[in-house]
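Working notes for the structure below.
The values are calculated or read from the model by the stated rules, or taken from the named source; none is laboratory data. Quick caveat: nothing in here was measured; it's all calculated off a predicted structure. Virtual Cβ from ideal backbone geometry, glycine too; neighbours counted across all protein chains shown. Quick note on the areas: whole protein, heavy atoms, side chains included, nothing else; ligands and nucleic acids left out. Shrake-Rupley method; radii C 1.70, N 1.55, O 1.52, S 1.80 Å.
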Number of protein chains: 4
Amino acid sequence: MLLESLRRQVLHANQEIARRGLAPHTFGNASGIDRGGSEPLVVIKPSGVDYTAMTPADLVVTNLDGKIVEGSLRPSSDLDTHTLLYREFPEIGGIVHTHSEFATSWAQAGRPIPCLGTTHADYFHGPVPVTEPLTAEEVTEAYVRNTGAVIVRRFRSGNLSPVAVPGVLVAGHAPFAWGKTPAEAVEHADVLEYIARLAFRSILLQASESGIPPYVSEHHYLRKHGPKATYGQAKHG
Amino acid sequence: MLLESLRRQVLHANQEIARRGLAPHTFGNASGIDRGGSEPLVVIKPSGVDYTAMTPADLVVTNLDGKIVEGSLRPSSDLDTHTLLYREFPEIGGIVHTHSEFATSWAQAGRPIPCLGTTHADYFHGPVPVTEPLTAEEVTEAYVRNTGAVIVRRFRSGNLSPVAVPGVLVAGHAPFAWGKTPAEAVEHADVLEYIARLAFRSILLQASESGIPPYVSEHHYLRKHGPKATYGQAKHG
Amino acid sequence: MLLESLRRQVLHANQEIARRGLAPHTFGNASGIDRGGSEPLVVIKPSGVDYTAMTPADLVVTNLDGKIVEGSLRPSSDLDTHTLLYREFPEIGGIVHTHSEFATSWAQAGRPIPCLGTTHADYFHGPVPVTEPLTAEEVTEAYVRNTGAVIVRRFRSGNLSPVAVPGVLVAGHAPFAWGKTPAEAVEHADVLEYIARLAFRSILLQASESGIPPYVSEHHYLRKHGPKATYGQAKHG
Amino acid sequence: MLLESLRRQVLHANQEIARRGLAPHTFGNASGIDRGGSEPLVVIKPSGVDYTAMTPADLVVTNLDGKIVEGSLRPSSDLDTHTLLYREFPEIGGIVHTHSEFATSWAQAGRPIPCLGTTHADYFHGPVPVTEPLTAEEVTEAYVRNTGAVIVRRFRSGNLSPVAVPGVLVAGHAPFAWGKTPAEAVEHADVLEYIARLAFRSILLQASESGIPPYVSEHHYLRKHGPKATYGQAKHG
């Protein structure tokens, strides 16, 4: 079996989606990529299989064109979004798609999540962006792949880095998050939901959308990402 | 005992109402119909019996006029709504009535739930409709049956299909959902609550009521219901 | 030990307050009354004792003047509210005070909960009333007893029946609920919290405060309380 | 090992932060101080260690300048806020920092929590204050220590007592709470979250920001803190 370790990581990330309540039913999926071989290979959740029953062998291995390399089940219906993001964002090693409730509510409102606090600033550099809706042509031509395309377009037009901004809201749909590994991707998906909850309530309390002062958000961002990162044994605390 | 398999399905659907938290106390009920015999027969929850203690033998079997065919307990007080819906919507095989919190909050506000996202579009074709209030005459004449009547009237006047729109909000009361089977009905009741939660928060975030573009909602609807349904092994993922 | 059966009922009601999450910490209390002896006797929770460790023997028995008849612990600090309500509302046999979150939020807003739906109508005849604030003199003179006095005054001035309206919001404080027994009182406290949650969300969705048509609320009220009550084996379903 | 008893108290307070859901991930920390020795000593959570795996020996002992006296792990990254508060507020013996969701939402909105009810009044004398944002100079110079400095400045300028007001919202960040002991600090952090939830909902229901009458809040404050405190065996009930 190819990529046993990555399969276990991807399975664990899929289970974490369920355990953390980030997606009802089977509305969610995680994948990982191995960029070290002769050809980059993606490991992704099969479509419609219950998380609790899933084993590493159920996962599907594809190449970056979505061609199945190993696996008897059909891959997640969102595969083409994942592969496009891996092609365009070479820095990332894992992707998680959820329908977590508050992040999805912001996505449905078509609003970016403003940076209203330091937890946001620790993880996301600036607002969590929201894509444009897909055009009718994009839906007809290749809906799933073009879901990835509108994400990438948003990052290119906004000059955003997928390392500094490890997630996005797809307008009228739901969030995607990513990271260096599948585990980091699911952590970012979880934090995204947490800051979406906080921001929802702060906005209802009339928080200014301008958010915290830039010198505060920069300070938080740099203490995690800068050359002089100061965080504890492992992370914030 | 008549209809043992359907009894088990209906019992399970009633238990799922409780397990998924869709109705506090005993405010909820599920039924199923067998249309295959000489006379269509409905299996429904008895009134006021705790879900945890219920067995298949406690369920009540009636005909489509609500006459008890088998069972010693009194059927759910909502029986006449169920039988009317089965008479008018021959496509459906199971009905679930809940008092799930967010769907009920929309019902109490008398507002349809706009289609703000793709999860909604996967399950409901267009907004989740809300009925008119019953008239004073309808309440006096036959309150429970006429609760079914206002549902059917809403579907007829809006030219809605109970297959495309598997649920409704009864104004000032609560939701009903249905499906091909009792299990599908409870799944639809659960998804209805989920999209009601999302839409509540999106509307508070000033989402436009016009919702997602029609070409997106059509795409989602058709990939589940169209002739070229593309979903995974089982469902979305 | 006096009143063993009532002690067990009151203990159970106090435990239900905790189990249903109606009061954080020890912010809550339940009592019951035995009106059958030579002198009416009240059984009430002791002050500040953890629910999980409480036994029937810990409960305190007082007369309607609040004099301790049996018990070594100090009675709940809200005793004088309970005794006043028992004196003024001879129809009731149990009282529950909670700080349940949504009902308390309405109490803090000083707003009655409008009757927006049928679940409300099944349990409360008209809006859940809210008291006036206590005056400075009432606070100074006898704060706890006068908390009962403002409740009674609200019922007298509004010509409300404690049977038809089994609970109230004390402005700036929290709800009280009651019933024929301690068990019914805790059920009413639980339903009050449920309808407070629904109404909160419906009002944010711009529900009209006028609520459901009176002929609907009357129908629901009468099917539970009228001479031709039609409910199931036990209750709604 | 120094301060075994205080280490156990601080460990327990950190575990309570997690058990009560007051901080996701490891976003939270508790400390305690022993002022009885030749030099006051602070016991604080190490940075980034999972609560479930923590033992008393993992905790870090420092003096009031933040110098490590015992411990091999790095102390919480918020240490300098704790030590500054212990230096400036000699009445307090324990500090808890959380990212609890509703209190943090108020902090992000930059709004004090008005005193809308008696539970608030039992614990906090007047509104829960919110700090000014740190200036750019304060962030650059010593971000963590100056987080303590803006808290102290807020208390000095408002003539607030840390005994009467056992917590604060740091604007754009999250709450800090304190008490005579680490256990009391975590209780205050928990109550702060509870009153933040209530106030959020009451404000959305258009509660007046002026809150309950001063004679009511004074009465509640004094029955817990005044010379004639009347509360039960242990606390409110």
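What ratio of Cα Rg to 2.2 N^0.38 Å holds for region A:65-174?
Cα Rg divided by the expected 2.2 N^0.38 Å: 1.10.
Once the label point is placed 7 Å from Cα along Cβ, list for D:Asn63 the distances to the corresponding points in the other copies, in nm, shortest first.
Those separations, rounded to one decimal, come out as 6.7, 6.7, 9.4 nm.
Pull up the DSSP beta bridges for the protein assembly as shown and report the antiparallel fraction as a percent, rounded to 5.
95
To the nearest 0.05, how large is the calculated FRET efficiency for C:Arg145 and A:Arg20 if R₀ is 60 Å and r is the Cβ-Cβ distance?
For R0 = 60 Å, the calculated efficiency reads 0.75.
Which residue of chain A is nearest the rotation axis onto chain D, counting by its Cβ, and what is the distance in whole Å?
Residue nearest the A-to-D axis, with distance in whole Å: A:Leu204, 4.
Tell me, what is the FRET efficiency for A:Met1 and A:Arg87 to the nearest 0.05, using R0 = 25 angstrom and their Cβ-Cβ distance as r?
0.50
Taking the simple approach of a point 7 Å from Cα along Cα-to-Cβ for both B:Ala136 and D:Ser38, what is their distance in nm?
About 9.0 nm separates the two model spin labels.
B:Tyr215 accessible area, nearest 10 Å², 1.4 Å probe?
We get 80 Å² for B:Tyr215.
With an 8 Å cut-off on Cα pairs and a minimum separation of 6 or more residues, tell me the relative contact order of chain A in percent.
21
Over the protein assembly as shown, with every protein chain in place, what whole percent of the accessible area is carbon and sulfur at 1.4 Å, could you tell me?
Of the solvent-accessible surface of the protein assembly as shown, carbon and sulfur hold 52 percent.
Under the rule a/c < 1.5 gives rounded, and otherwise a/b versus b/c splits prolate from oblate, where does region C:16-117 land using the Cα gyration tensor?
Because a/c hits 1.5 or more and a/b fails to exceed b/c, region C:16-117 counts as oblate.
Of B:Ser77, A:Ser38, A:Ser76, which has the most accessible area and how do the rest follow, probe 1.4 Å?
Result of the area sort, largest leading: A:Ser38, B:Ser77, A:Ser76.
Report the rotationally averaged projected area of chain D based on its alpha-carbon convex hull, in square nanometres.
Result: 13.5 nm².
Which whole-angstrom value gives the distance between the alpha carbon centres of region C:40-110 and region C:146-174?
16
With a Förster radius of 51 Å, plug the Cβ-Cβ distance of B:Val163 and A:Thr55 into 1/(1 + (r/R0)^6) and report the FRET value to the nearest 0.05.
In this case the efficiency is close to 0.90.
Using a 7 Å offset from Cα along the direction of the beta-carbon, what are the separations from A:Gln206 to the same position in each other copy, nm, ascending?
1.5, 1.5, 2.1
Filter the DSSP H helices in chain A by two things, a Kyte-Doolittle mean of at least -0.5 and an axial alpha-carbon span of 24 angstrom or more, and list the hits by number.
Counting only whole DSSP H runs, the qualifying helices are A:182-204.
Given the -39500 (n - 2.57) contribution per DSSP H run of 4+ residues, what per-residue ellipticity at 222 nm results for chain C, rounded to the nearest 500 deg cm²/dmol?
-13500 deg cm²/dmol
If only Cα atoms are counted, what is the Rg of region A:119-237, and what is its Dmax, in Å?
Final numbers for Rg and Dmax: 15.6, 50 Å.
Is the C-alpha gyration tensor of the protein assembly as shown telling us rounded, prolate or oblate? Criteria: a/c under 1.5 is rounded; beyond that, a/b larger than b/c is prolate, otherwise oblate.
It is oblate, given that a/c is not under 1.5 and a/b is not larger than b/c.
Let me know the mean shielding of D:211-224 by other chains, meaning the per-residue number of their Cβ atoms within 10 Å of its Cβ.
4
Per residue, how large is the accessible surface of region A:4-225? Use a 1.4 angstrom probe and give square angstrom.
Accessible area per residue: 34 Å².
Residues of region C:110-129 that become at least 30 Å² less accessible with every protein chain present than in their own chain isolated, using 1.4 Å: which are they?
C:Arg111, C:Leu116, C:Thr118, C:Thr119
Chain pair C, B: how much accessible area is buried, both chains summed, with a 1.4 Å probe, in Å² to 100?
3000
Nm distances between the label at A:Asn159 and the same-position labels in the remaining copies, 7 Å along Cα→Cβ, shortest first?
Values, ascending and in nm: 5.1, 5.1, 7.2.
As a test question: what accessible area, to the nearest 10 Å², does B:Ile33 have when a 1.4 Å probe is rolled over all protein chains in place?
Taking all protein chains as shown, B:Ile33 has close to 20 Å².
Quick one: of D:Lys45/D:Lys180; A:Lys67/A:Lys180; C:Lys45/C:Lys224; A:Lys45/B:Lys180; B:Lys180/B:Lys224; B:Lys45/C:Lys180, which pairs are farther than 21 Å apart, Cα to Cα?
From the list (D:Lys45/D:Lys180; A:Lys67/A:Lys180; C:Lys45/C:Lys224; A:Lys45/B:Lys180; B:Lys180/B:Lys224; B:Lys45/C:Lys180), the Cα-Cα distance tops 21 Å for A:Lys67/A:Lys180; C:Lys45/C:Lys224; A:Lys45/B:Lys180; B:Lys45/C:Lys180.
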